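Read-outs throughout are calculated quantities, based only on the coordinates presented, and are distinct from any laboratory measurement. Here the structure is a predicted model, which means the values were calculated and not measured. All Cβ positions, even for glycine, are placed from backbone atoms using ideal geometry, and neighbour counts span all protein chains on display.
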Amino acid sequence: MNAKLLWQRVLDAPAGWGVLVFGAAAIALGGPQVVDSLRFVESAHHTTGVIVEVEPVNGDEYRPIVEFADVEGRQLRFASTETAGERSHFQVGQTVGVLYAPDDPADARLDTWQSRWASDSIVPALGALLVVLGIAGLVKNRRRQRPPSRNRLVSTPVESHDR
């Protein structure tokens, strides 16, 4: 098959295929991040930490610097990946839940939905939505292309015979 014919077939394909493939790719790219988050949350130790500082990130975003003690009593600090648009969202002295990897306590994050799942789940969730939309588009396109069924009852006008 030559390139021109192949390109024409691609252009003639219903848009649903493109949306479906793009959605599947998003799931494939984002899926490993979700799996990593699941593994982290499953094996992580939970403790309480204290916000010791709030630092600006990118001008108008702020993130907390959190201090916590691991199971051996060592004091550790980490800069959260979770940010907020207002400095007042995080207060110095505020206690927060912390999850950290037992084999690497420096690998820590806030114990919030946003820190656990938000950034990791956006791409796969968008991919799942695109897969559903792509399938719906393909089904709709297939129904549109299907020839009318011969089994349908068709009403025909009844002729009246005057005698």
**OP:** Treat every Asp and Glu Cβ in the stretch 13-141 as -1 and every Lys and Arg Cβ as +1, leave all other atoms uncharged, and give the resulting dipole magnitude about the Cα centre to the nearest 20 debye.
**Re:** 560 debye
Original post:
Taking N as the number of residues in the stretch 13-141, what is its Cα Rg relative to 2.2 N^0.38 Å?
Top reply: 1.37
